[in-house]
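Here is the structure we will look at, set down as structure tokens.
Values in this text are rule-based calculations from the coordinates and carry no lab data. All figures in this text were calculated on a predicted structure; none of them were measured in a lab. Quick reminder, even Gly has a Cβ in these numbers, built from the backbone with ideal geometry, and neighbours come from all protein chains shown.
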């Protein structure tokens, strides 16, 4: 076993071993003849996972992060294997315990230890998402000259969590959200998307809707000092790694909102109010990943600031939200009124239809686990800053 002949390696040393034997990330099974014997050795990955997430973890210091994920062997899943062993999901979950083999029990025979190590590395890393409104001209200048500052018109930064589970929000009813396995994709969902991004409103044809996903600490950023292994790296190292960055113009969002489909995604209506709300799926740059956004037109709230039909008193699907804090409602009302006033002054060059201000609420980002694992291990360069 790794570390049997002396002191167990630190997390930093273990991650160096993982990097050395991660040539298979992003490759198909047919390419495995190019891998080293160690890379295909399930015991090696079992021992790494054991040391990294069992032996290298202080349970008392990390009580809020005690879930471990175990990916099933691909050759066994979906081919009539005993479904009594962990059901038909491609992975199963356990709460942290002091001994890995006792934790997994008889299910160890179906575990793909290599993929399980990568999944836990992803799940135990810390992330933030930045949603911003930027000027298209500013973005173009920045792309042409990296020294040009990229100052957003407005932005929101939100902590998100990596999960192998996909969340399907039912915003048009009182039903609880549905969840289903997303793996091999990893989903970063924003449960309170409507309130978090309530003021993200595109009010100009020059506006772009921008999304950044950054890794900012945790398991993928261990300290070189073994005595700091059980401290969140985000508190000790100045780390930030951009895993996803992309933007769409106002015109693209408007076309999708009006027509119901576009070249970058599709629309699925889920609201029944007079203010149409649509769920848009946007592919990331180069087709990498997917962003799910709720888009809705912002009504002219100067015409009706109170009453049972006010957008401030009902949700997108017409549900009562009386529990909303009055101050937050007031801020949202002012933001919407200002957005509508700014957008209403903009008309097409031919004097046509008044521009519609569009509120864009990020619901989730999904990325393949191999893309995330590769970037966490090998991606260099400076992060994108907004």
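Taking label points 7 Å from Cα along the Cα-to-Cβ direction, residue 107 and residue 89 give a separation of 0.8 nm.
With 0.36 nm allotted per residue and the present C-alpha distance subtracted, the residue 99-residue 136 stretch has 8.0 nm of extension available. With a cut-off of 12 Å on the backbone N, the residues of segment 87-115 near the modelled label site 7 Å out from residue 377 along Cα-Cβ are 114-115. Full extension of the chain segment joining residue 7 with residue 249 gains 81.7 nm, where the gain is 0.36 nm per residue of separation less the Cα-Cα distance. Between the beta carbons of residue 205 and residue 385, assuming R0 = 30 Å, the FRET efficiency works out to 0.75 to the nearest 0.05.
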